[in-house]
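Engineer: Encoded as structure tokens, here's the structure I'll be asking about.
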Amino acid sequence: MSVLELPSTREEAWRYADVAGIATAAALPRDATAIDPASLFLDLPGARILIRDGIVDESASDLGRVRLTHVAAAEHALGRRTAGPGWSLRLAEDAAADPVQVVHLATGGANHLASEIVLADDATATVVETYAGAGWSNRALSVKLGRAARLMRSVRFLQSAGFQSLREDAELGQGASLVTTFLGAGHAGSRIDAQLIAGEGTYTEYGGALLTADEQRQECAVRLRHAEPNGQSHQLWRAVAADRSAASLAAAVEVARHAQKTDGEQSLRGLLLHRTATVNLKPELEIFADDVKCAHGATVGELDARALFYMQSRGIPRAKAQALLTRAFVADALDRIGLDEVREAFVADADAWLERVL
């Protein structure tokens with residue numbers, strides 16, 4: 001695959017994109033080394049979907065309420081490649097489903113898959129996704145939430161090599177709630193690209209933690225549009241970069257002219273474990289209404305030297321002190337995961353990353 005077929009970094013939306021990393025991931029040879037999918041599923045009730053190289057393995061899956069169907073591709077530079085068979089979760093009014101777990105297992109090369117989550121009024125769902133293996137895993141997700149519907153999503157990127165890209169388009173109906181948390185704690189590059197449209201009285205949390213090391217690059221590009229009044233949103237992102245890696249966070253909030261009483265908050269923070277690493281932060285507010293409460297903050301820094309000295313003076317080894325402070329920095333991004341089992345698994349993945357890097 002040629003880099004010329006991928007988006008250009010001359011486009012502002014792709015300014016920090018690692019298009020060369022995507023092309024390299026797509027060219028990775030197939031590796032038959034077995035990864036036990038069972039180790040990637042959490043001990044939760046509900047459906048378990050195993051996707052091997054972009055194809056649902058029905059023999060190894062418990063679909064539950066999930067159905068396999070044709071899902072339209074997203075109108076997006078990477079998302080349009082996902083047209084074809086995909087998975088769909090649709091819940092009727094007032095329905096509640098056990099958690100749905102989806103494991104994306106890649107063995108090299110490129111694989112693409114589209115999916116959709118459609119919740120009718122007052123429906124509730126929880127989805128947990130895990131990426132593992134090596135190669136370019138390219139996904140597109142369409143989310144539509146009816147009135148007062150609630151969706152909690154937790155996504156962790158754990159691939160050992162390659163690239164993981166996700167395009168998400170979401171529409172929130174009146175009073176709906178969407179809480180999405182990401183964790184990038186593997187060795188592969190990643191890009192999270194989202195377009196969210198929030199209706200009247202909605203609640204949206206969209207964020208997470210990207211942990212990078214070596215020459216790795218991870219990024220997010222999220223745009224949330226408050227289209228109706230009385231919406232509330234929080235975009236909380238944390239980035240930790242070590243060695244010569246780079247993490248880039250671009251988060252935008254747009255408030256439409258008639259979307260009065262909107263409360264929008266952005267918090268983008270980066271932590272450099274080595275001065276050779278890079279963190280790029282780009283918060284944006286576009287406000288066309290006059291009765292709103294919106295704020296954003298963006299900071300990049302190193303671990304507090306005084307805190308490190310204090311902890312070492314109390315007998316804590318330097319590496320342990322660094323790990324404790326870094327974990328505290330990441331924790332507020334993961335604390336938003338509602339299920340204890342899922343939150344503990346994500347924290348364990350972050351701890352494993354810290355043990356490897358520090």
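The values are calculated or read from the model by the stated rules, or taken from the named source; none is laboratory data. These numbers come from a predicted model, not from an experiment. Cβ placement follows ideal geometry from the backbone for every residue including glycine, while neighbour counts extend to all protein chains displayed. All accessible areas refer to the heavy atoms of the entire protein, side chains included, with ligands and DNA or RNA removed. Shrake-Rupley method; radii C 1.70, N 1.55, O 1.52, S 1.80 Å.
Engineer: Hey, can you tell me all the residues within segment 133-179 that are among the small types (Gly, Ala, Ser) and either part of a strand (DSSP E or B) or within 14 Å of Ile192 (Cβ to Cβ) (or both)?
Structural biologist: Gly133, Ala134, Gly135, Ser137, Ala140, Ser142, Ser154, Ala161, Gly162, Ser165, Ala170, Ser177
Engineer: Answer yes or no as to whether Asp31 is surrounded by fewer than 16 Cβ atoms within 10 Å (Cβ to Cβ) and farther than 23 Å from Cys220 by Cα.
Structural biologist: Details: surrounded by fewer than 16 Cβ atoms within 10 Å (Cβ to Cβ): no; farther than 23 Å from Cys220 by Cα: yes.
Judged against the criteria, Asp31 is not a match.
Engineer: Those residues that are open to solvent by 90 Å² or more (accessible area, probe 1.4 Å) and either within 21 Å of Ala242 (Cα to Cα) or charged (D, E, K, R) (or both), I need them from segment 281-301; list them, please.
Structural biologist: Asp290, Lys293
Engineer: Hey, another quick one. Which one of Ala295, Ala323 is more than 21 Å from the chain's Cα centre (by Cα), of a type in the set (A, V, I, L, M) and within 18 Å of Ala209 (Cα to Cα)?
Structural biologist: Sole residue among the options that is more than 21 Å from the chain's Cα centre (by Cα), of a type in the set (A, V, I, L, M) and within 18 Å of Ala209 (Cα to Cα): Ala323.
Engineer: Further question on the same structure: Across segment 185-209, what is the total count of residues that are free of Cβ contacts under 8 Å to residues at least 60 places away in the same chain and either assigned to a strand (DSSP E or B) or surrounded by fewer than 24 Cβ atoms within 10 Å (Cβ to Cβ) (or both)?
Structural biologist: Of the residues in segment 185-209, 14 are free of Cβ contacts under 8 Å to residues at least 60 places away in the same chain and either assigned to a strand (DSSP E or B) or surrounded by fewer than 24 Cβ atoms within 10 Å (Cβ to Cβ) (or both).
Engineer: For segment 282-298, does any single residue satisfy the condition of being modelled with pLDDT of 95 or more and touching a Ser or Thr at 6+ places or on another chain (Cβ under 7 Å)?
Structural biologist: Yes; the residues of segment 282-298 include at least one that is modelled with pLDDT of 95 or more and touching a Ser or Thr at 6+ places or on another chain (Cβ under 7 Å).
Engineer: Specify the residue that is nearest to Pro99 (Cα to Cα); the eligible residues are those in segment 306-358 that are surrounded by 15 or more Cβ atoms within 10 Å (Cβ to Cβ) and among the aromatic types (Phe, Trp, Tyr).
Structural biologist: Only one residue tops the list, namely Phe346.
Engineer: Among (1) open to solvent by 10 Å² or more (accessible area, probe 1.4 Å); (2) without any contact (Cβ under 8 Å) to a residue 40 or more places away in the chain; (3) not small (Gly, Ala, Ser), where does Gln266 come up short?
Structural biologist: (1)
Rundown of residues vs (1) farther than 24 Å from Asp193 by Cβ; (2) part of a loop (DSSP other than H, G, I, E, B); (3) β-branched (Val, Ile, Thr), yes/no style:
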site: Lys261; (1), (2), (3): yes, yes, no
site: Leu271; (1), (2), (3): no, no, no
site: His274; (1), (2), (3): yes, yes, no
site: Glu284; (1), (2), (3): no, no, no
site: Asp291; (1), (2), (3): yes, yes, no
site: Cys294; (1), (2), (3): no, no, no
site: Leu308; (1), (2), (3): yes, no, no
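Engineer: If you don't mind, another one. State all residues of segment 210-246 that are in a strand (DSSP E or B), open to solvent by 10 Å² or more (accessible area, probe 1.4 Å) and within 30 Å of Arg257 (Cβ to Cβ); if no residue qualifies, say none.
Structural biologist: Correct list: Ala221, Arg223, Arg225, Gln232, His234, Leu236.
Engineer: Right, another one. Let me confirm something: among Ala345, Ala352, Ala298, Ala333, which residue is in contact (Cβ under 8 Å) with a residue 24 or more places away in the chain, in contact with a strand residue (DSSP E or B) (Cβ under 9 Å, 6 or more places away or on another chain) and over 30 Å from Gln260 (Cβ atoms)?
Structural biologist: Working: Ala352 fails: in contact with a strand residue (DSSP E or B) (Cβ under 9 Å, 6 or more places away or on another chain); Ala298 fails: over 30 Å from Gln260 (Cβ atoms); Ala333 fails: over 30 Å from Gln260 (Cβ atoms).
Going through Ala345, Ala352, Ala298, Ala333 in turn, just one is in contact (Cβ under 8 Å) with a residue 24 or more places away in the chain, in contact with a strand residue (DSSP E or B) (Cβ under 9 Å, 6 or more places away or on another chain) and over 30 Å from Gln260 (Cβ atoms): Ala345.
Engineer: Sort through Gly135, Gly173 and tell me the only one that's open to solvent by less than 10 Å² (accessible area, probe 1.4 Å), of a type outside the set (Phe, Trp, Tyr), in contact (Cβ under 8 Å) with a residue 12 or more places away in the chain and touching an Asp or Glu at 6+ places or on another chain (Cβ under 9 Å).
Structural biologist: When all the criteria are applied, what remains is Gly135.
Engineer: Further, regarding this structure: From the list Val100, Val118, Val71, exactly one residue is under 21 Å from Asp169 (Cα atoms) and open to solvent by 30 Å² or more (accessible area, probe 1.4 Å). Which is it? Even if it seems obvious, please write down each step before you answer.
Structural biologist: Working: Val100 fails: open to solvent by 30 Å² or more (accessible area, probe 1.4 Å); Val71 fails: open to solvent by 30 Å² or more (accessible area, probe 1.4 Å).
None of the other options fit; the residue is Val118.
Engineer: Further, regarding this structure: Just to be sure I understand, how many residues within segment 310-339 are closer than 30 Å to Leu42 by Cα, assigned to a helix (DSSP H, G or I) and among the basic types (Lys, Arg)?
Structural biologist: The qualifying residues number 2.
Engineer: Please list, ordered by first then second residue, the pairs with beta carbon atoms under 9 Å, 6 or more apart or interchain, first in segment 140-155 and at positive phi and open to solvent by 10 Å² or more (accessible area, probe 1.4 Å), second modelled with pLDDT of 95 or more and assigned to a strand (DSSP E or B).
Structural biologist: As it stands, the answer is Ala148/Ser177, since those pairs meet every condition given.
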